[in-house]
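The values are calculated or read from the model by the stated rules, or taken from the named source; none is laboratory data. For clarity, every value in this text was computed on a predicted model and none was experimentally measured. In this analysis, Cβ positions are derived from the backbone assuming ideal geometry, glycine residues included, and neighbour counts consider all displayed protein chains.
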């Protein structure tokens with residue numbers, strides 16, 4: 001997987017996290033929570049290196065992703081989903097973050 005693919009997968013991970021948090025995935029169908037929690041982090045680490053403009057957004061995304069995953073870890077789905085929406089908006093519409 002190249003860096004552009006990793007960034008696209010991260011956007012897809014975030015989009016999925018807005019409607020179905022990683023802790024709602026079925027263990028028998030997928031790698032379970034631990035695997036799905038690791039995916040966005042791995043894709044973001046690999047893909048963030050190709051961001052050339054809006055570099056000031058990278059630390060914001062780092063912080064929001066950490067907060068979202070921490071919410072999911074605690075079983076707090078709604079705050080996690082909201083944070084994933086914030087990340088998605090930041091990635092797709094950089095001026096629409098709260």
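At a glance:
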| read-out | value |
| --- | --- |
| Meets criteria (modelled with pLDDT of 90 or more, surrounded by 13 or more Cβ atoms within 10 Å (Cβ to Cβ), part of a helix (DSSP H, G or I) and over 10 Å from the mean Cα position of the chain (by Cα)) for residue 63 | no |
| Verdict on residue 80 being in contact with a helix residue (DSSP H, G or I) (Cβ under 7 Å, 6 or more places away or on another chain), modelled with pLDDT under 85, in a helix (DSSP H, G or I) and buried (at least 17 other Cβ atoms within 10 Å of the Cβ) | no |
| Odd one out for residue 13, checked against (1) modelled with pLDDT of 70 or more; (2) in a loop (DSSP other than H, G, I, E, B) | (2) |
